[in-house]
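Single-structure report; data block below.
The values are calculated or read from the model by the stated rules, or taken from the named source; none is laboratory data. Only a predicted model underlies this, so the values are computations on that prediction, with no experimental measurement involved. Note: ideal-geometry Cβ built from the backbone for every residue, glycine included; neighbour counts use all protein chains shown. What goes into the accessible areas is simple: the full protein's heavy atoms, side chains included, and nothing from ligands, DNA or RNA. Shrake-Rupley method; radii C 1.70, N 1.55, O 1.52, S 1.80 Å.
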Amino acid sequence: MAQSTPETGNGPAGTGREVTVSAPAAAGTETVSNAIVRLTRLHRMVAGQLLRRIGLHPGQELVMMHLWELGPQRQTDLVRLMDSDAATMTRTVRRLEQAGFVRRRPSPTDKRAALIEPTAASHALRREVERIWSRLDDLVTAGLSPDERTAALPTLELLEQNLAQATAG
């Protein structure tokens, strides 16, 4: 089995254990796809550890970033922005609302719709979310030279474009 071990030093939920993400041998140990799966799982795990400290779960910070940048949005617009589905967004908004980070208000232009807007409590988190994303980027790119960091982004963007084209066809 292929394994990936990050150097976060605090393991899952701060247990002090080293984090290891395994992939089945059938996935192929030397494939880009296998590496992406392992990297994605670890990225989400570390993001979750960092976000948990401020009361957010992975993905919720992205919804909040959109709301902070764009202002109040209809839930259907958040679904489109996040390339999500309605059920997932409903759960996410409900949890953010219960945590006091968003509120719903009637849309002034569409009586059937509600706008989701960030609360003052969420605005207090904005700088911390930005710090967390910066820290996450530092953890992901630790050990890379500035040139390697610069080169990594276009490669990842090309991989993303390849998959986006595959879903369109």
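Brief remarks on what is shown
- Pairs linking a residue in region 29-43 that is open to solvent by less than 70 Å² (accessible area, probe 1.4 Å) to a residue that is polar (S, T, N, Q) and outside any helix (DSSP H, G or I), with Cβ atoms under 8 Å and 6 or more positions apart or on different chains, are Ala35/Ser4; Arg38/Gln3; Arg38/Ser4; Leu42/Ser4.
- Single match in His123, His57 (criterion: in contact with a Leu (Cβ under 7 Å, 6 or more places away or on another chain) and either free of Cβ contacts under 8 Å to residues at least 40 places away in the same chain or open to solvent by 90 Å² or more (accessible area, probe 1.4 Å) (or both)): His57
- Among the residues of region 137-169, those that are free of Cβ contacts under 8 Å to residues at least 60 places away in the same chain and outside any helix (DSSP H, G or I) comprise Gly143, Leu144, Ser145, Gly169.
- Region 61-117, subset among the basic types (Lys, Arg) and part of a helix (DSSP H, G or I), residue surrounded by the most Cβ atoms within 10 Å (Cβ to Cβ): Arg95
- Qualifying residue in region 126-136 (condition: under 16 Å from Gln60 (Cα atoms), in contact with a Pro (Cβ under 8 Å, 6 or more places away or on another chain), open to solvent by 20 Å² or more (accessible area, probe 1.4 Å) and touching a residue at least 40 places away in the same chain (Cβ under 8 Å)): no
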